[in-house]
Amino acid sequence: MNRSDALIEIDGIRKSFGTFEVLKGISLNVSKGEAVCIIGPSGSGKSTILRCINGLIPINEGFIRVGNHRVHEMRSEKAMRPLRHQVAMVFQQYNLFPHRTALENIMMAPIQVLGHDKAEVEDRARKLLAKVRLSEKADSYPGQLSGGQQQRVAIARALAMQPDIILFDEVTAALDPETVKEVLFTIRQLVEEGLTCVLVTHEMKFAREVSHRVCFTDRGMIVESAPPAEFFDNPQDPRTREFLGQVL
Amino acid sequence: MFGLDYSWLSDPAYQQWLLKGILNTIELAALSSCAAVIIGLVGALALTLRIFWLDAIVELFVEVFRNTPPLLQMLFAYFTLSTLGLKVTDPSTGLSVPLLSAFACASISLSLFGGALAIEAFRSGIETMPRSIIEAARSLGYSRWSRFWKVEAPIAARICLPALTNILTNLFKTTSQASVITVPELMYYAGQIYNDTFRTLEVMILVLLIYVSLVSIVTFAMARLERWMAFPGYGKGH
Ligand SMILES: Nc1ncnc2c1ncn2[C@@H]1O[C@H](COP(=O)(O)OP(=O)(O)OP(=O)(O)O)[C@@H](O)[C@H]1O
Ligand SMILES: [Mg+2]
């Protein structure tokens, strides 16, 4: 792939917390419409990669470009606003705002951050709630929703920002097997619609079926990156083999 | 009944005193409560800026006013502020009077005392905010300022409301100490009445009942506010 064609271009990023180096030179390109899954053992730096992409944590070294934004050069939250508009994120623990209803959670940022028209945003929010099949829960507070429902509201909230890219950080890890399906169904739909997605996941079957490419991280490095069929059926790196042997 | 004599209550002069005392107590409590909440907000907000010298000032303020007796604070305020020599000429009488009356000194001292407690309460409300909520707000593009007002403050407000109720009832009761610096509030007039009538027990029982009723109004209002602001999953929400 031509580097400049990539929507996300990550080159040699390093990140330390104190003296502990979490990312030891990560490089990764994601092109428009691509769905990339990141898998790997706990603590290998998967969440940290996602947080670097949308500037939630600053990096120590390296280069990150998302669209026209040179993320590694951005310093203030204000400067990152256009980036955050382009890149949305969905978290393992949903992180909905507990004091607002499902509908309000979806509407808040487009109105308060992007300054979009309220009526138009409400219309958009209701359509998104319908899309994640939660129209009847518009007026429920997060505390009144199940985990799976909260997560789908969180996805709708991310979509309401009309992002080009969504980062998913183990969004099904806190859910029971039944509700996992609902959430994965929603994500699969987004990938099929051509939204660019970077997904950290433990759902191997899902990764295989949905993603265009799978990356395996271990101790702060991407040790293998391949299309899913190749990755799962014929892993090259011994660490990948060992990991897949444990989880499959 | 029980040998209690309340005949003095029919005297209009004493009724006047009681009424004046109640009104002054309410005024003092209301003023200092509002000021305390404002001080609390400003102080807690200042702490979120994480500026070294500002933190030190707020910290010192909280320590001083939280760790000293409010009565001492009030006497201190009275004897320093009222003798600062700030005088104004009363336009109606042409007399020179101190700029800061005893009432003003009491209000200031109670406001600072309540404010210090409020800073602590609001600060802990902000600090117990889950980091993940803040991260979600950041990822949605909220700036620091709008994140505070739209996300952190509303959630923190609900978290610290019970603590605020305690502070306000505490403050209401502490207004009685203003009698010591001659502010004519309820406790002050109570003293005047029993000095006159020698009906100490009767007066105290009545004043006690009045305080219970007044403070109950505060707790009732705060409970209503808590219920109104509650949301499922936090505090009184269900
Ligand atoms: N804010 C932080 N301060 C210090 N250390 C951190 C911080 N965030 C992450 N780490 C450390 O960095 C390492 C990688 O964390 P990260 O969350 O990226 O792992 P992960 O691959 O997402 O793991 P998991 O699958 O458990 O979510 C961990 O060892 C973690 O303890
Ligand atoms: Mg993680």
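What to note about this one:
- Residues whose amide H falls under 5 Å from that of A:E224, counting only those 5 or more places apart or on a different chain, are A:F216, with hydrogens built in the peptide plane.
- Cα gyration tensor category, rounded, prolate or oblate, for the range A:8-247 with a/c compared to 1.5: oblate
- Choice from B:G115, B:G141, B:G40 with maximal GNM fluctuation in chain B (Cα, 10 Å cutoff): B:G141
- 3J(HN,Hα) along the range B:159-173: 5, 9, 4, x, 5, 5, 4, 4, 5, 5, 5, 4, 5, 4, 5 Hz, from the Karplus curve 6.51 cos²θ - 1.76 cosθ + 1.60 with θ = phi - 60°, whole Hz, x for Gly and Pro.
- Mean per-residue shielding of peptide A:106-119 is 3, counting Cβ atoms of other chains within 10 Å of each Cβ.
- Rounded to whole numbers, the Karplus 3J(HN,Hα) couplings from phi for the range A:58-75 are x, 9, 8, 7, x, 9, 10, 10, 10, x, 8, 8, 8, 4, 5, 9, 7, 10 Hz, using 6.51 cos²θ - 1.76 cosθ + 1.60 with θ = phi - 60°, and x at Gly and Pro.
- The gain in end-to-end length when the A:R14 to A:S135 segment is fully stretched comes to 39.3 nm, 0.36 nm per residue minus the alpha carbon separation.
- Relative contact order [Cα under 8 Å, 6+ residues apart], the range A:8-247, whole percent: 27 percent
- Chain B shape via C-alpha gyration tensor axes, a/c threshold 1.5: oblate
- Amide H contacts for A:I57 (H built 1.01 Å from N in the peptide plane; partners 5 or more residues away or on another chain; cut-off under 5 Å): A:C52.
- DSSP bridge orientation in the range A:8-247 - percent antiparallel, rounded to nearest 5: 55 percent
- Rounded to the nearest 500, the helix-only mean residue ellipticity at 222 nm of the protein assembly as shown stands at -17500 deg cm²/dmol, with each DSSP H run of n ≥ 4 adding -39,500 (n - 2.57).
- Listing B:L112, B:L28 from fewest to most neighbouring C-beta atoms within 10 Å gives B:L112, B:L28.
- Applying the Karplus relation 6.51 cos²θ - 1.76 cosθ + 1.60 with θ = phi - 60° to the range A:15-26 yields 3J(HN,Hα) values of 8, 10, 9, x, 8, 8, 7, 8, 10, 10, x, 9 Hz, where x marks Gly and Pro.
- Alpha-carbon spread of the protein assembly as shown, three principal axes, descending order, Å: 100, 48, 44
- 10 Å Cβ neighbours from other chains, averaged over peptide B:143-151: 4
- Spin-label pair B:A221/B:S92, simplified geometry with 7 Å Cα→Cβ offset, distance in nm: 2.7 nm
- For chain B, built as a Gaussian network whose Cα springs stay under 10 Å, the top-fluctuating residue of B:T197, B:T182, B:T25: B:T197
- Taken residue by residue and averaged, Cβ atoms of other chains lying within 10 Å of the Cβ of A:87-96 number 4.
- Listed residues A:S211, A:S16, A:S47, most fluctuating in chain A (Gaussian network, C-alpha, under 10 Å): A:S16
- Neighbour counting of Cβ atoms within 10 Å sorts the residues A:L83, B:L60, fewest neighbours leading, into B:L60, A:L83.
Any read-out appearing in this document is the output of simple, stated calculations on the displayed coordinates, not a laboratory observation. Predicted model, so just to flag it, every value in this text is computed and none were measured. Cβ: placed from backbone, ideal geometry, glycine included. Neighbour counts: every protein chain shown.
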